[in-house]
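**Q** Mind having a look at this structure? Questions to follow.
The values are calculated or read from the model by the stated rules, or taken from the named source; none is laboratory data. Please read all numbers here as calculations on a predicted model, not as lab measurements. So basically every Cβ, Gly included, is an ideal-geometry build from the backbone, and we count neighbours across all protein chains shown. With ligands, DNA and RNA removed, areas are computed over all heavy atoms of the protein, side chains included. Shrake-Rupley method; radii C 1.70, N 1.55, O 1.52, S 1.80 Å.
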Amino acid sequence: MKILVTGSKGQLGLELRRLFESEHPALAVVYADASDLDITDREAVEAFLRAGDFSHVVNCAAYTAVDRAEEEKAAAHAVNADGPGNLARMADELGFRLMHISTDYVFDGTASTPLTESAKPRPLSVYGATKRQGETALLGLAQESIVIRTAGLYSPHGENFVKTMLKFAFEGRSRVAVVYDQIGAPTSAADLARAVAAIILSKKWTPGIYHYSNEGVCSWYDVAREVFDALPAGISAPELTPILSADRPSAATRPNYLVLDHARIRATYGLDIPHWRHALRRDLPRILENLK
């Protein structure tokens, strides 16, 4: 077994590296960031994969600047749609197993019950649309692939909502306003990395789309409240004000209801998915250490 992780310096890529190196040190894993492999370059992808002799490829590379994508449509499309297609062509030819990370933003947020993998995608933003195009290209070219849709990823790395809330507190902000009408559940990148590893290391590979986020249902206001309630001694929590999405306009439209149903991934791979509150409380010490 030899694994390639693309987008290796993103949140999930770094958590996969941490997991593999600490718990599976004998495993052969190659970590490639954009400087090592530009997945939008078809010829570069072909050469890299032909030389690598990989059994599995996990594509964590993505254009994730949701608002900026509304202006940078070509850049978002190249990474989120063309890139997965380039990988899928080679998966079909070389026979390696391809896993691709997608997003809950492929949905429009009008549902009222948890979204299953069969729910009809209807993205509202360029980001969501290009990620959906990536799913379609990948599964059309390499039908034996796995797509994992996730939501609200956070970790000690990069930029994410949890780190932003912590920074506000450490900066001494007196008030923070957070939307309460965008409903879903955040995802610990560490937990998603463990799920990815469990699938790769299992004795079965069942192609198709799966949903993975932490268990439970909450708003971003709820997440912010949990972060502020867990602040270390000596750090004062800002006053938290709930607002509607309409009160905070953005370039990209955010879906309101994005609760993902996890039944399929649990049943297929026997995963134990932590509740979002438990995961957040567990991860906060690592995130706080990274902020120091």
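**Q** Is it true that some residue in the range 65-80 is touching a helix residue (DSSP H, G or I) at 6+ places or on another chain (Cβ under 7 Å) and either part of a loop (DSSP other than H, G, I, E, B) or more than 24 Å from residue 153 (Cα to Cα) (or both)?
**A** At the first step, the residues of the range 65-80 found to be touching a helix residue (DSSP H, G or I) at 6+ places or on another chain (Cβ under 7 Å) are 66, 69-70, 73, 76-77, 80.
Imposing the further condition that a residue be either part of a loop (DSSP other than H, G, I, E, B) or more than 24 Å from residue 153 (Cα to Cα) (or both) reduces the set to 66.
Yes, some residue in the range 65-80 is touching a helix residue (DSSP H, G or I) at 6+ places or on another chain (Cβ under 7 Å) and either part of a loop (DSSP other than H, G, I, E, B) or more than 24 Å from residue 153 (Cα to Cα) (or both).
**Q** Can residue 22 be described as closer than 19 Å to residue 156 by Cα and surrounded by fewer than 15 Cβ atoms within 10 Å (Cβ to Cβ)? Spell out the reasoning first.
**A** Values: closer than 19 Å to residue 156 by Cα: yes; surrounded by fewer than 15 Cβ atoms within 10 Å (Cβ to Cβ): yes.
So residue 22 fits the description; yes.
**Q** Out of curiosity, is residue 148 surrounded by fewer than 22 Cβ atoms within 10 Å (Cβ to Cβ), in contact (Cβ under 8 Å) with a residue 24 or more places away in the chain and under 21 Å from residue 69 (Cβ atoms)?
**A** Numbers: surrounded by fewer than 22 Cβ atoms within 10 Å (Cβ to Cβ): yes; in contact (Cβ under 8 Å) with a residue 24 or more places away in the chain: yes; under 21 Å from residue 69 (Cβ atoms): yes.
Spelling it out, residue 148 is indeed surrounded by fewer than 22 Cβ atoms within 10 Å (Cβ to Cβ), in contact (Cβ under 8 Å) with a residue 24 or more places away in the chain and under 21 Å from residue 69 (Cβ atoms).
**Q** Taking the range 138-158 on its own, how many of its residues are of a type in the set (Gly, Ala, Ser) and not in a loop (DSSP other than H, G, I, E, B)? Please lay out each step first, then the result.
**A** As a first pass, look at the range 138-158 and keep what is of a type in the set (Gly, Ala, Ser): 140, 142, 145, 151-152, 155, 158.
Still in the list and also not in a loop (DSSP other than H, G, I, E, B): 140.
Total meeting the criteria: 1.
**Q** Filtering the range 93-116 down to residues that are in a loop (DSSP other than H, G, I, E, B) and β-branched (Val, Ile, Thr), which residue is most open to solvent (accessible area, probe 1.4 Å)? Spell out the reasoning first.
**A** We begin by selecting, within the range 93-116, every residue in a loop (DSSP other than H, G, I, E, B); these are 95-96, 107-114, 116.
Narrowing the set further to residues that are β-branched (Val, Ile, Thr) leaves 110, 113, 116.
Values: 110: 108, 113: 86, 116: 50 Å².
Ranking the candidates gives 110 first.
**Q** Still on this structure: Quick one: in the range 52-63, of everything that is at pLDDT 95 or above and either aliphatic (A, V, I, L, M) or assigned to a loop (DSSP other than H, G, I, E, B) (or both), which residue is nearest to residue 33 (Cα to Cα)? Reasoning before the result, please.
**A** The first filter runs over the range 52-63 and keeps only residues at pLDDT 95 or above, leaving 54-63.
Cutting the leftovers down to either aliphatic (A, V, I, L, M) or assigned to a loop (DSSP other than H, G, I, E, B) (or both) gives us 54-55, 57-58, 60-63.
Numbers: 54: 16, 55: 19, 57: 13, 58: 12, 60: 9, 61: 8, 62: 11, 63: 13 Å.
Here the answer is 61.
**Q** Let me ask something else about it. In the range 196-210, which residues are open to solvent by 20 Å² or more (accessible area, probe 1.4 Å) and part of a helix (DSSP H, G or I)?
**A** Scanning the range 196-210 gives 198, 201.
**Q** Could you please give the count of residues in the range 39-81 that are surrounded by fewer than 20 Cβ atoms within 10 Å (Cβ to Cβ) and not hydroxyl-bearing (Ser, Thr, Tyr)?
**A** 22
**Q** Given the conditions (1) on the phi < 0 side of the Ramachandran plot; (2) surrounded by fewer than 21 Cβ atoms within 10 Å (Cβ to Cβ), report the number of the one that residue 90 does not fulfil.
**A** With respect to (1) on the phi < 0 side of the Ramachandran plot; (2) surrounded by fewer than 21 Cβ atoms within 10 Å (Cβ to Cβ), residue 90 is out only on (2).
**Q** Still on this structure, please answer the following. For residues that are more than 11 Å from the chain's Cα centre (by Cα) and in a strand (DSSP E or B), tally how many sit in the range 159-191.
**A** So the count comes out to 7.
**Q** Right, here's the next one. Which of the following residues is open to solvent by less than 50 Å² (accessible area, probe 1.4 Å) and in a loop (DSSP other than H, G, I, E, B): 250, 236, 213? Don't jump to the end; show me each part of the working.
**A** Numbers: 250 fails: open to solvent by less than 50 Å² (accessible area, probe 1.4 Å); 236 fails: open to solvent by less than 50 Å² (accessible area, probe 1.4 Å).
None of the others qualify; the one that does is 213.
**Q** Are any residues in the range 117-130 open to solvent by 50 Å² or more (accessible area, probe 1.4 Å) and not small (Gly, Ala, Ser), and if so, which ones?
**A** Within the range 117-130, the subset open to solvent by 50 Å² or more (accessible area, probe 1.4 Å) is 118, 120, 122, 124.
Within the range 117-130, 120, 122, 124 meet the criteria.
**Q** Testing residue 275 on (1) within 18 Å of residue 179 (Cα to Cα); (2) under 17 Å from the mean Cα position of the chain (by Cα); (3) open to solvent by 70 Å² or more (accessible area, probe 1.4 Å), one condition comes back false. Which one is that?
**A** Only one criterion is unmet by residue 275, namely (1).
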